[in-house]
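Here is the structure we will look at, set down as structure tokens.
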């Protein structure tokens with residue numbers, strides 16, 4: 001899954017990401033023993049040897065490119081990508097981030113259960129500011145992220161001097177944050193394509209949920225909840241197998257997607273900016289359903305109710321998702337219109353004079369009038385009148401209630 005928080009600086013995006021990163025890096029690889037115990041001494045010997053090999057490879061990756069005299073850090077159970085990395089370095093890192101799961105499977109030829117080893121190369125990003133990753137001349141990196149989204153079995157990259165890097169069963173997760181100005185710059189510079197954005201959940205917020213000066217200490221109940229989540233994540237790292245769907249789920253989803261395609265007016269967002277996203281809505285629903293399910297359970301069957309919750313969850317976020325996508329367009333007033341809407345959401349109702357003073361460096365009076373007329377025509381902004389201290393009628397512009 002690729003998730004990006006978009007909002008003004010200081011509204012708490014980084015606080016969420018730091019909490020997630022803290023939990024994901026809490027467990028160390030060498031402290032978590034393989035869950036599958038060998039059924040014979042020979043199998044157990046193989047399991048122990050493979051675990052030692054995985055730990056050594058992870059330590060080598062942790063020290064790669066660092067001063068050899070520096071003390072080696074214990075590698076995390078869940079590999080975490082660097083905050084700033086090139087395409088080449090990312091591919092090399094993923095090719096070395098190998099994790100293994102042992103399992104038993106019935107072999108028809110041998111007529112008995114034999115041990116198998118499933119290996120995968122998984123990596124996650126937790127970036128408080130994605131600008132550290134998406135810089136100019138990063139087209140290869142963005143293209144790689146687009147391919148990694150589908151979790152293919154093989155990815156190969158041939159270098160001029162370092163040979164070939166091969167990633168087996170790659171899985172990449174992305175959690176990051178940024179501000180609307182960076183979104184504008186990246187789309188203007190063609191750094192982020194619609195192909196990447198259609199695979200991403202943009203979670204938009206215009207303001208803090210609540211204001212506070214100091215962040216309070218965690219309560220005993222919250223500390224216990226955090227530890228429970230951490231232990232659950234540890235269990236998730238040891239799961240293996242095919243996901244099964246509850247009976248009736250396939251029929252429900254087929255009927256739902258057909259209804260969505262036949263009736264686009266039912267979409268939570270009517271913005272054309274989300275058309276590429278809606279083209280992959282079935283994939284998004286599956287991934288969110290998986291996240292909801294395994295956030296609560298370690299069972300390998302996902303109930304129908306979880307898919308219904310995933311659909312409702314996405315519909316709620318889609319109402320404001322388009323506000324994060326400041327796509328380049330031919331109309332020079334489009335960007336000013338988006339900024340004006342964001343301003344009204346955070347600042348509340350304003351008069352024409354207030355808006356003219358705020359946006360004078362961006363638009364002139366006729367352009368502001370044109371923008372406000374457009375926003376009223378499209379029912380994104382409404383007006384109301386109040387009497388001021390001189391008993392004169394004053395018109396206020398505000399965001400329309402959804």
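Per-structure values
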| item | result |
| --- | --- |
| Evaluated at q = 0.13, 0.14, 0.27 Å⁻¹: base-10 log I(q)/I(0), Debye formula over Cα of segment 121-172 | -0.38, -0.44, -1.14 |
| Per-residue Cβ neighbour rank within 10 angstrom, fewest leading, 360, 256 | 360, 256 |
| Square roots of five times the Cα gyration tensor eigenvalues for segment 184-327, Å | 29, 26, 15 |
| Ranked by how many other beta carbons lie within 10 Å on average, peptides 384-393, 361-370 from highest | 361-370, 384-393 |
| Neighbour-count order for 359, 134, fewest beta carbons within 10 angstrom listed first | 359, 134 |
| Convex hull volume of the chain per residue (C-alpha atoms, cubic angstrom) | 217 Å³ |
| Cβ-based exposure ranking for 283, 399, in which fewest neighbours within 10 Å come first | 283, 399 |
| Computed [θ] at 222 nm, helices only, for the chain once each DSSP H run of length n ≥ 4 contributes -39500 (n - 2.57) | -13500 deg cm²/dmol |
| Hydrodynamic radius of segment 333-399 per Kirkwood, over alpha carbon pairs, in Å | 12.1 Å |
| FRET efficiency, 1/(1 + (r/R0)^6) with R0 25 Å, evaluated for residue 357 and residue 208 via beta carbons | 0.55 |
| Linear extension gain, residue 254 paired with residue 16, 0.36 nm per residue minus alpha-carbon span | 82.2 nm |
| Pairwise label distance in nanometres, residue 57 with residue 219, each label 7 Å out on the Cα-Cβ vector | 4.5 nm |
| Virtual spin-label span in nm between residue 42 and residue 296, 7 Å along Cα→Cβ | 4.5 nm |
| Radius of gyration, Dmax [segment 242-328; alpha carbons; angstrom] | 13.9, 45 |
| Alpha-carbon gyration tensor eigenvalues x 5, square-rooted, for segment 91-233, Å | 35, 28, 13 |
| Range of Cα positions in segment 97-144 per principal axis (Å), largest first | 57, 21, 11 |
| Mean separation of Cα contacts under 8 Å, 6 or more apart, over the residue count of the chain: relative contact order % | 17 percent |
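Only the coordinates and a few stated rules stand behind these numbers; no lab work does. Please read these numbers as outputs of a predicted model, since none were measured by experiment. No Cβ is skipped: glycine too gets one built from the backbone with ideal geometry, and neighbour counts run over all protein chains shown.
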